[in-house]
Every structure is written in C-alpha cells, then in structure tokens.
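Please treat every number below as a calculation from the coordinates, not as lab data. As the structure is a computational prediction, the values presented were derived from the model and not from experiment. Here the Cβ positions follow ideal geometry from the backbone for every residue, glycine too, while neighbour counts run over all protein chains shown.
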Amino acid sequence: MKLSEYMFLFVFFSFIGWILEVIFRSFNARAFVNPGFLKGSYLPIYGIGALILTFCAAHLQESSLPVKGLVYLFVTTGLEFITGFIFDGCLRLPLWDYSGQRFRIKNYVCLQFSIYWLILAFAFEYLVLPVYLSFFDLLNPVAVHIFAIVVPGVMFADWTVRFAKIIWEKKGKGRLLSGDDESEFMNIAKPLIDHPDVQRLADFRHHHYKTRFDHSLEVAWHSFLISRKLSLDCDATVRGALLHDLFFYDWLREGPRLHGFRHPRISLKNAREVTVLSKKEEDIIIKHMWPLTIIPPRYPESWVVCFVDTYCTMRDYVTGNGKVRVPK
Ligand SMILES: [Fe+2]
Ligand SMILES: [Fe+2]
C-alpha cells in the first residue's frame, strides 16, 4: 500500500469508529453524544487501530488463530491503554472510565472491553477489510490523494486547537501555573531576550498586527507551560521556541521564495550565531513548520513548539485576537 492509501484508510476508519461510538454512547445515554476529544466527526484512535490491524493482518497471514488472537489482544488493548494514559493520566481528561469494571488496569483498559476489541479485530480482518478493499478499488485515485491530504490536515488543526484550548483552560483554573512559573521562564529566556539579534525581531511585523518578537515570546511562553506540565526539557523548549522564527525580513514583501519551507533553516543559521544550540534546540527550530518540513520532529519538545506555533498562528489569522499576556 502507498502512503496516501494508508492515510485514506486512517481517515475512513476514524469516521467509521466515530459512527460506532455515537451509536453506542447515544443509545446508552438516550441522547446524542459526540464522543472523543475533537470537534469533527472522527475518532483517530479507530483510524490508528485500523492501520495497526491492517499491518498485522498482512504480516500474520500464515499464523494460527491463537497467535493472531494474542497479537490482536495485545495491540488493541495497548493502544487503548496508551490513549487512556495520555488523556486521563497526563492531561486529566478522561475520555472513558472503566472504574466500575472488573479486571482492569487503572481505568484505561478492562478485560470485558479487551475481549470486545479482540472480536472486533477478527471481524475487521475477515469481514470489514475485504469489503473496504473492494470499495477502495472503486475510488478515483486523484480523489483519494486529495482526501488523504486534506482531511488529516483538518484533523491535525482540530487537534491543535482543542489541545491548546484545554491547556489554556487548565491554566485559567490555576492547574498549570504556580507563582514561580514566570520567574522560571524568565530565568531561561532572559539571556536570549536581551540579545540584540532577538531584540531586532521587534522591528518586523508578524501575522499582520504583532511583531515577530511578540510572536516568538508568546510561543515560548505557552510551550514552556505545556513542557512543564508534561515534565519535558523546559530549557530547550523555551530557547528553541524563542529562536524558531529568527529571520530578518518581511516575508510578505521580501525574502526567499517558498518562505514557509525555507525559513526554519534560515532561522537555525541565525540562531547558531546567537548561541550554542543543543541537538534538541536545533530540532525544535528546524522542524517547527512540520508537516511542511516532511521529516517529523524528533523530540517531544519539538512537537510541543510545533503545535503551539501552529495554534498561535491559526488563532492570529482566524480570530485576529492574539493579545495574550506573557511575561516581559
Ligand atoms: Fe515559522
Ligand atoms: Fe512562528
């Protein structure tokens, strides 16, 4: 299968999973329930599950049913556990709760639902996948390509906005901020903020109405709050975020062609002249425009800055309301 075919499969089963959950949850609640974390009509956990099961089915064709069963049980329960751990354990945002179930691990997985997933995994291989592949053969390849690029892009934007909103709401309730946060942030950021090259960013407008300095500071601040919450490397996060857009031209009127693709490398070159960068800080700068940069970020801190930068940029353009307080 090609990459676009995998992406299409991911999107297709994210949608099918959403329908299944809507039916199951709405039936239990006797009212319409939109399941999951995202606004759109998709549940990526099902898309990821379908991708994993398709991969397993392709590689376990010669295996016996018990071996397949064990693998399916392990991967589906593992996926549910990891998702539960991220949303419930890290973000304190439980999407489901097995606290009333017997034979469970935390509230993330339980034996009863693991057996359901096992049955669904076999149904997926022997009933759903053959029908899907026949259906897929009927589709126009160009439409598949477009669909496979556009919809994951929308899902990514949806995820970024929702994630940032939740972090922001938690911050508002005082769950992220402590009295020492601002001084810790400034201890890391001050040497770079005071550097003349970083100060020069205040001479360039960015996202129409704010300066590139304000944008960089804002991205650094929100990335710091998230990294702190996730126990990541706050030093690298703040330093990489402050330098991620260190270029000195008005990209709307001048600068290189394909600015979106090229400015991370220009920023990295300039940043190396400002300070000695760690591998992680370099990765944060060079990958902050992913997926435009194709190769995905290597470190969690790079993902955080990438998401926050995307969120701040989208918010600036969509709402025109980017005046958020950051430490000065
Ligand atoms: Fe950028
Ligand atoms: Fe940026």
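Sort the following peptides by mean Cβ neighbour count (other Cβ atoms within 10 Å, averaged over residues), highest first: 225-235, 142-152. Don't skip to the end; give the middle numbers.
Details: 225-235: 18.5, 142-152: 14.8.
Taking the mean over residues of other Cβ atoms within 10 Å, the ranking is 225-235, 142-152.
Among 281-292, 103-114, 27-38, what's the highest-first ranking by average C-beta atoms within 10 angstrom per residue? Before the final figure, lay out each step's value.
Numbers: 281-292: 22.7, 103-114: 16.8, 27-38: 13.0.
By packing density, highest mean first, the sequence is 281-292, 103-114, 27-38.
I need the phi-derived Karplus couplings for region 291-307: 6.51 cos²θ - 1.76 cosθ + 1.60, θ = phi - 60°, integer Hz, Gly and Pro marked x.
My calculation for region 291-307 gives x, 4, 8, 6, 5, x, x, 8, 10, x, 4, 5, 5, 4, 5, 4, 5 Hz in order.
Compare the peptides 60-70, 211-221 by average per-residue count of other Cβ atoms within 10 angstrom and give them in order, highest first. Mind showing how you got there, number by number?
Numbers: 60-70: 11.5, 211-221: 22.6.
Per-residue Cβ counts within 10 Å, averaged per peptide and sorted highest first, yield 211-221, 60-70.
Counting Lys +1, Arg +1, Asp -1, Glu -1, what net charge surrounds residue 298 among other residues with beta carbon under 9 Å of its beta carbon? Intermediate values should be presented prior to the final figure.
Details: positive: 279, 280, 287; negative: 283.
So the surrounding residues net to +2.
What residues have an amide H closer than 5 Å to that of residue 204, excluding those fewer than 5 places away on the same chain, when H is modeled at 1.01 Å from N in the peptide plane?
The list, which skips near neighbours in sequence, is 212, 213.
Mind checking the dipole of the chain: about its Cα centre, +1 per Lys or Arg Cβ, -1 per Asp or Glu Cβ, Debye to the nearest 20?
Working: 37 positive and 31 negative charges, 111 e Å.
With only Lys, Arg, Asp and Glu charged at Cβ, the dipole is about 540 debye.
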